[in-house]
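Please read the structure below before turning to the comments.
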Amino acid sequence: MEVGVGAKTDELEQLERQIEQLESASAGDPDARKRLRDMHARVEGLRKQAAPKVDVWARVELARHPQRPYTLDYVQHMFTDFSEIHGDRAFGDDPAMICGVARFHGEEVMVIGTQKGRDTKQKVYRNFGMPNPEGYRKAIRCMQMAEKFGRPVFTFIDTPGAYPGLGAEERGQGEAIAYNLREMARIKVPIVCTVTGEGGSGGALAIAVGDRVFMLENSIYSVISPEGCASIMWRDAGKRVLAAEAMHIIAPDLLGMGIVDAIVPEPPGGAQNDHVAMADNLDKMLVETLTELKMMNPQQLINARYDKFRKMGQFFQQV
């Protein structure tokens, strides 16, 4: 057994003992129940990490599969009465970012997500799913509108990253992303984010600061693409497979590290094989999550969201 796997097994056993002790003393204690949920999520992630190693690059290729469902596919299968909102009221519209009001099981919600294209014409029109600053400004404008009218927000993330072109930089790409991060942290309505394909860098994070962050089984989430990482670390983009394995960008690894809250199972072979079944799987999880989040008042949502992201990256144990 590898040392890393052995350490995870020891931590798993320790967590399971702590859960047993906490369950006996958690009756009627909301804080204890929340700690239990966090610990169960950590246990699930550790179990997946201790399982036989998966083919990381195969999952990268599945995450990028051109037939995976995109945001508008989920809108079609999961929402009704969708009405798209255009423009950022500052520069223009961005077809790479979809925003609109809709109904989710009869409840009024706001839907936001990146959108790729399948044929050449659509890929160019959607800028290959890479939003410009006006896309991010449109997204936060719609979130603030949702907050004003008390509508929960659902975001769907599938982007290689924010567009790095000269025009985007001139119009304040970095500022637009940073502004979204700050404003999403204090939106007073539930925000549920789902990485459906590629979750690339700040371009993904700019619409992923939520109360719950989910990943599809074969999606990826990272600060840079494997090719970009390999080019920086080894000056050789051909080492992308090695980079992907080292970066821990697949769902089980990120769940184990507490970056995401749950993994949404995909149909056999991947989401691209059955859009309806994939939408059904995600729908069930979103219904359950929204019911849970609606029980919290605005200040509780903001405080819990703040704590959630502050805890990321803290890999130490208290004795």
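The values are calculated or read from the model by the stated rules, or taken from the named source; none is laboratory data. As the structure is a prediction and not an experimental result, all values here were calculated from the model. Ideal geometry is used to build each Cβ from the backbone, glycine not excepted, and the neighbour counts take in all protein chains shown. Surface areas here come from the heavy atoms of the whole protein model, side chains and all, with no ligands, DNA or RNA. Shrake-Rupley method; radii C 1.70, N 1.55, O 1.52, S 1.80 Å.
What dipole magnitude, in Debye to the nearest 20, does the chain give about its Cα centre under +1 on Lys/Arg Cβ and -1 on Asp/Glu Cβ? The partial results should precede the final answer.
Details: 39 positive and 44 negative charges, 129 e Å.
The calculated dipole for the chain is roughly 620 debye.
For the chain, what does the relative contact order come out to in percent, with C-alpha contacts under 8 Å and a separation of six or more? Before the final figure, lay out each step's value.
Numbers: 572 pairs, mean separation 53.3, N = 319.
Over the chain, the number comes to 17 percent.
What net charge do the residues around residue 230 carry, taking every other residue with its C-beta under 13 Å from that of residue 230, with Lys and Arg at +1 and Asp and Glu at -1?
Numbers: positive: 235, 239, 240; negative: 227, 236, 245.
Every neighbour counted, the sum reads 0.
Go through 71, 267, 285 and say which Cα lies farthest out towards the positive end of the charge dipole of the chain; charges sit on Cβ, +1 for Lys and Arg, -1 for Asp and Glu.
Final value for the positive-end residue is 71.
Rounded if a/c is under 1.5, else prolate if a/b is larger than b/c, else oblate: which is the chain, with a ≥ b ≥ c the root eigenvalues of its Cα gyration tensor?
oblate
Below 13 angstrom from the Cβ of residue 66, what's the summed charge of the other residues (Lys, Arg +1; Asp, Glu -1)? Don't skip to the answer; put the middle values down first.
On the way: positive: 64, 68, 116, 118, 123, 126; negative: 61, 73, 119, 158, 198.
My count for the surroundings of residue 66 gives +1.
Name the trypsin sites (Lys or Arg not before Pro) in segment 99-184 that are in a loop by DSSP and that have at most 12 other C-beta atoms within 10 Å, would you?
Working: sites: 103, 116, 118, 121, 123, 126, 137, 138, 141, 148, 171, 182; in loops: 116, 118, 126, 171.
Here the sparse-neighbourhood loop sites are 118.
Just need log10 I(q)/I(0) for segment 233-279 at q = 0.23, 0.26, 0.30 Å⁻¹, Debye formula, equal scatterers on the alpha-carbon atoms, no solvent, rounded to two decimals.
Summing over Cα pairs of segment 233-279 leads to -0.86, -0.89, -0.96.
How much net charge surrounds residue 82 when only the other residues with a Cβ under 14 Å from the Cβ of residue 82 are counted, with Lys and Arg +1 and Asp and Glu -1? Numbers along the way, then the final one.
Details: positive: 103, 151; negative: 73, 81, 84, 107, 108.
Surrounding charge for residue 82 is -3.
Would you mind computing, in nm to one decimal, how far apart the modelled labels at residue 34 and residue 90 are, each placed 7 Å from Cα along Cα→Cβ?
3.2 nm
Per residue, how large is the accessible surface of the chain? Use a 1.4 angstrom probe and give square angstrom.
Working: 15710 Å² over 319 residues.
Normalised by residue count, the accessible surface of the chain is 49 Å².
Find the cysteines in the chain that fail to meet the 4.7 Å Cβ criterion with every other cysteine, and list them.
Singleton cysteines: 193, 229.
Rounded to the nearest percent, how much of the accessible area of the chain (1.4 Å probe, protein heavy atoms only) is carbon and sulfur?
It is 53 percent, rounded to a whole number.
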